[in-house]
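Each remark here refers to the structure printed beneath this line.
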Ligand code: 7TS
């Protein structure tokens with residue numbers, strides 16, 4: 001293992017030191033939601049205790065303070081993902097809202113009958129259904145980039161799919177059910193050769209390695225705060241200014257207008273155009289604090305440590321007879337999906353919980369992936385940089401126990 005000091009890091013996350021069912025908690029469900037460090041908890045408490053107020057409207061002291069803190073969080077996001085301008089970072093409720101915003105807004109303006117939308121076989125439902133709804137309404141067609149048995153997208157097929165009818169490519173950076181890291185930079189460059197913009201679902205990428213939206217040349221990139229050590233209700237949709245300027249608002253109401261009469265409304269510029277109503281002020285200030293936290297540790301060293309942990313767990317689990325790893329791509333991040341012969345994944349989840357081990361069991365909102373691998377569900381351990389080798393050993397031991405119980 002690298003020199004990354006995991007024990008020191010764990011002290012920052014109070015939730016990790018509790019016992020569950022009489023056993024020390026082993027939290028391996030970070031793909032669903034990660035845990036929150038003290039820095040974020042304290043920042044959230046300070047806001048609620050001392051600064052709580054609505055933003056962008058009050059001339060009074062508290063409102064101005066809250067506005068400053070909220071906009072400072074946007075600046076932090078901008079630097080964290082290397083956006084060109086802070087106003088390209090729209091606060092959303094989470095990745096799901098980011099997907100819906102682009103699908104409906106882009107779809108309403110730019111997708112017409114006979115057009116094509118390219119998705120991939122490994123998308124989360126959040127990046128399938130909004131596009132399906134738009135395609136149905138507009139008479140457009142969804143095309144799906146297939147994958148191979150390891151859970152890697154087949155890039156030759158993708159290239160052959162792009163044509164003059166393609167209006168957008170919407171793909172995940174990292175698969176939540178398989179862990180595959182897709183080569184999105186190359187895939188974006190390929191789409192751009194055809195003049196096609198690309199939307200990236202970054203929910204499972206952003207907590208695990210540094211992301212630079214300008215280097216990727218992504219047209220849109222979205223992620224949730226609660227998977228990157230921030231509270232639920234926070235999240236970001238990044239979009240290139242030239243695209244966001246062209247898109248109609250997704251939701252309308254207070255805070256997003258320039259002028260309103262009963263005859264006509266004109267809209268505020270970005271980012272306000274896409275932030276109708278009172279936003280999740282506390283949560284997004286918390287997202288800013290989570291970024292401060294990631295900047296305060298060596299995030300690259302944390303990512304490297306986490307990768308070693310994934311490799312260690314993969315090696316140990318694959319060595320157990322009866323265990324099948326689902327998703328064996330060469331490039332993977334943090335997710336270990338598996339099945340055990342003759343045991344339903346929900347039973348795996350329940351028995352692990354009795355040992356204090358939290359994993360997710362189910363279809364992971366990626367039913368097309370389950371269909372491809374011909375399984376109803378998987379058990380999924382998903383890691384964060386505060387997990388340890390000892391926790392992996394406990395997981396392995398508990399999996400062996402499951403096999404004994406069902407033998
Ligand atoms: N996209 C991906 C790739 C995801 O993993 C998730 C959530 C979403 C979109 C939706 O994010 P939300 O924050 O708006 O809900 N994935 C999971 C998961 O793997 N287990 O629980 C939620």
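The values are calculated or read from the model by the stated rules, or taken from the named source; none is laboratory data. Nothing here was measured: the structure is a model prediction, and the numbers come from that model. Ideal geometry is used to build each Cβ from the backbone, glycine not excepted, and the neighbour counts take in all protein chains shown.
Given the conditions (1) surrounded by fewer than 14 Cβ atoms within 10 Å (Cβ to Cβ); (2) under 30 Å from residue 166 (Cβ atoms); (3) in contact with a strand residue (DSSP E or B) (Cβ under 8 Å, 6 or more places away or on another chain), and given that residue 15 satisfies all but one, which numbered condition is not satisfied? Just one mismatch for residue 15, condition (2). The condition (being modelled with pLDDT of 95 or more and at positive phi) is satisfied by just one residue among 286, 277: 277. On inspection, residue 122 does not qualify as under 21 Å from residue 221 (Cβ atoms), away from the ligand (no atom under 11 Å from the Cβ) and either in contact (Cβ under 8 Å) with a residue 24 or more places away in the chain or not assigned by TED's automatic domain parsing to the domain that holds residue 366 (or both).
The residue pairs whose first member lies in region 365-389 and is assigned by TED's automatic domain parsing to the domain that holds residue 26 and under 13 Å from residue 327 (Cα atoms), whose second member is more than 16 Å from the ligand (Cβ to nearest atom) and outside any helix (DSSP H, G or I), and whose beta carbons are closer than 6 Å, counting only pairs six or more residues apart or on different chains, are 375/339; 378/339. Filtering region 302-312 for residues that are in contact with a strand residue (DSSP E or B) (Cβ under 9 Å, 6 or more places away or on another chain) and in contact (Cβ under 8 Å) with a residue 12 or more places away in the chain leaves a non-empty set.
For region 318-376, filtering for residues that are outside any helix (DSSP H, G or I) and more than 13 Å from the ligand (Cβ to nearest atom) leaves 26.
Residues are listed down the side, and each one gets a yes or a no for (1) over 16 Å from the mean Cα position of the chain (by Cα); (2) under 27 Å from residue 373 (Cβ atoms); (3) outside the structural domain of residue 220 (by TED's automatic domain parsing):
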site: 86; (1), (2), (3): yes, no, no
site: 111; (1), (2), (3): yes, no, no
site: 128; (1), (2), (3): no, yes, no
site: 148; (1), (2), (3): yes, yes, no
site: 170; (1), (2), (3): no, yes, no
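The single condition among (1) more than 13 Å from residue 317 (Cβ to Cβ); (2) away from the ligand (no atom under 12 Å from the Cβ); (3) in contact with a strand residue (DSSP E or B) (Cβ under 7 Å, 6 or more places away or on another chain) that residue 386 does not satisfy is (3).
Residue 27 passes every criterion in (1) within 16 Å of the ligand (Cβ to nearest atom); (2) within 28 Å of residue 8 (Cα to Cα); (3) out of contact with any strand residue (DSSP E or B) (no Cβ under 6 Å at 6 or more places or on another chain) apart from (3).
Counting the residues of region 215-250 that are within 17 Å of residue 101 (Cα to Cα), away from the ligand (no atom under 16 Å from the Cβ) and in a loop (DSSP other than H, G, I, E, B) gives 5. Within region 192-200, does at least one residue satisfy the condition of being under 30 Å from residue 300 (Cβ atoms), more than 16 Å from the ligand (Cβ to nearest atom), outside any loop (DSSP other than H, G, I, E, B) and in contact with a strand residue (DSSP E or B) (Cβ under 9 Å, 6 or more places away or on another chain)? Looking for residues that are under 30 Å from residue 300 (Cβ atoms), more than 16 Å from the ligand (Cβ to nearest atom), outside any loop (DSSP other than H, G, I, E, B) and in contact with a strand residue (DSSP E or B) (Cβ under 9 Å, 6 or more places away or on another chain), one finds at least one in region 192-200, hence yes.
Before we move on, is residue 58 outside any helix (DSSP H, G or I), touching a strand residue (DSSP E or B) at 6+ places or on another chain (Cβ under 8 Å), more than 30 Å from residue 300 (Cβ to Cβ) and in the same structural domain as residue 153 (by TED's automatic domain parsing)? It is false that residue 58 is outside any helix (DSSP H, G or I), touching a strand residue (DSSP E or B) at 6+ places or on another chain (Cβ under 8 Å), more than 30 Å from residue 300 (Cβ to Cβ) and in the same structural domain as residue 153 (by TED's automatic domain parsing). What number goes with the only condition from (1) under 13 Å from the mean Cα position of the chain (by Cα); (2) surrounded by fewer than 24 Cβ atoms within 10 Å (Cβ to Cβ) that residue 214 does not pass? Residue 214 satisfies every listed condition except (1).
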